[in-house]
Structures are given as structure tokens and as C-alpha cells.
Amino acid sequence: MTLFTKLIVPLDGSQVASRALPVAQILASQLQVPTTLISFAISDESLDLARERLDAAVEGFPQGAEVRLVRTKSVRTSLTTHLTLTPERHGLVVMATHALGPITEMLLGSVADDVVRQSPLPVVLVGPRVDPNALPGHYDELVACVDGGPADDRLVPLLTVARSELALRPKLIQVVTSTRRGPDGTPDVILANPVERMAKLLDERDIAVDWEVLPGDDIAATVTEYAAERHAILALATRGRDPLQRLREASTALSVVRHATDPVIIFGPST
């Protein structure tokens, strides 16, 4: 099974967007797949500027990259529309984000959030704490965080091909808060079933994966600290709540991306 056959890297000329390039270069090398650098513009002048930026960015990909320019009336909605309509179903989107909080996002909007919620492809998000100059030349481990919810099933294809396509050693983790731990402070065995169940599911597919249950009341902090110590790529699935819903219930995925020092692969509700 081939899960990833292409990388798609949206660029808009901003410094934030360009921070995705070093991560995309690492992933392109590990996946050995074609890369498409795409930019949207609302005028001929902006198209010319975008072409110059993309041509310069291609130089960072030793295996080369396709440049795609699209004239549009709305830059923000064009990317999500393009991904929704694309016949490509085995790609990986790589983009940087501010990882706005739910209130700011509600007021200003977030292209990254729109993409995660609507894209049929998984999205690698490069958050504000990822230092492009501190990235490893090659990633060795993929840490997938599960919580027992139905969205966890979306991670199975990624974990299945982690070694064969990405050259990553897969690992499963689950964070158990203090309200779900035993009297001695250790995670309740029954409550740790989701991560063990996922490991057994993968074992049935001849995919060996280690798993670990971590105690922690701040799930995002526990997950990102664990991944930072290992310089690992994080992976999780999200229900893709809209900003108003996140005002009532904090989004773990948003917090993880905001604090992670390495890229995070998100499987949204449309993947």
C-alpha cells in the first residue's frame, strides 16, 4: 500500500509560510516522492512575484519540484478548494502556521485550520516553535498520540507505512490525566486500553509498534515534551471543531501544534 505519492507545499511569500520549506525538504528526501510548490495570486503582478519566489524555493529540493501558480479571487479559500477538488488522494500537505488561539482565529481566520478541517489529505503543520535551523537532517521516529476516540482509526494507514515509506519507527502514546489514574498515581490499566488495542491491531497487520502510557494533566504539554526529547514527528487525528466550538472545549491538536518543536501530522475529519 502506497499512502504518500506527492508533497504539496503552499507558499504565499510570507516568512511564516516559508518556514515549511526545510521540513518539506526533509520529508521529500525521506519519501522520495515529487513535490509541488503552489501559490495563489489575485493579479498578474502578484503572479510574477509568486513565480520568482517559487523558482527560488525549488533550489532547496535536490530532486526538483513542480511549480504551480493559480490566479484567484480569494487566496484564503483557493487552497482549501484546490485540495478538496484535486483527484490526488495519496498526497501530504506541508504548511506552516501561527497556530492561532480560538478567539483570535474566530476574528482573523486561519488558512491552516480551514485546510485541516476540509482537506482530504493529511496535513503536516509547522508550528511557531519549530526552529528551521534546529531540525535534524533526517527523522527517525513517528510518535502517534491516541485517546480512544473514533478519530484514532485515521492514524492506522500512517502507522502501517511509517517504516516502509517514511523510514520512521512508529510509536504509540496515550496520556492519562490524574482523574483517570489509580490511587498510587499510575495510569489505570483499563483506561490504557486504547493504546494497547491500537498496538494489537497493528500487530495483526504485521506492524510491530512500541506503546507507552504517560501520566499528565496537560495533555498537549506532555505530548510535545515527550516528542521534543526524542526529536520525533508527532501524529494525531482531530475532529476538526470550528473556532466557536473550541471556545467551549479546548483543542488538544491546536495546543500541540502551537507548542511542538517538530512538525505535527494532522489527520482531519475529511481524510
Which of the helices (runs of 4 or more DSSP H) contained wholly in the stretch 3-69 include at least 1 residues that are of a type in the set (S, T, Y) and under 21 Å from G91 (Cβ atoms)? 15-18, 20-31
With the structure loaded, tell me whether D113 is among the acidic types (D, E) and either surrounded by 22 or more Cβ atoms within 10 Å (Cβ to Cβ) or at pLDDT below 90 (or both) or whether it fails that test. yes
Across the stretch 75-110, what is the total count of residues that are modelled with pLDDT of 70 or more and touching a strand residue (DSSP E or B) at 6+ places or on another chain (Cβ under 6 Å)? 9
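The values are calculated or read from the model by the stated rules, or taken from the named source; none is laboratory data. The structure displayed is predicted, hence computed values, not measured ones. Every residue, glycine among them, receives a Cβ derived from its backbone with ideal geometry; neighbour counts consider all protein chains shown.
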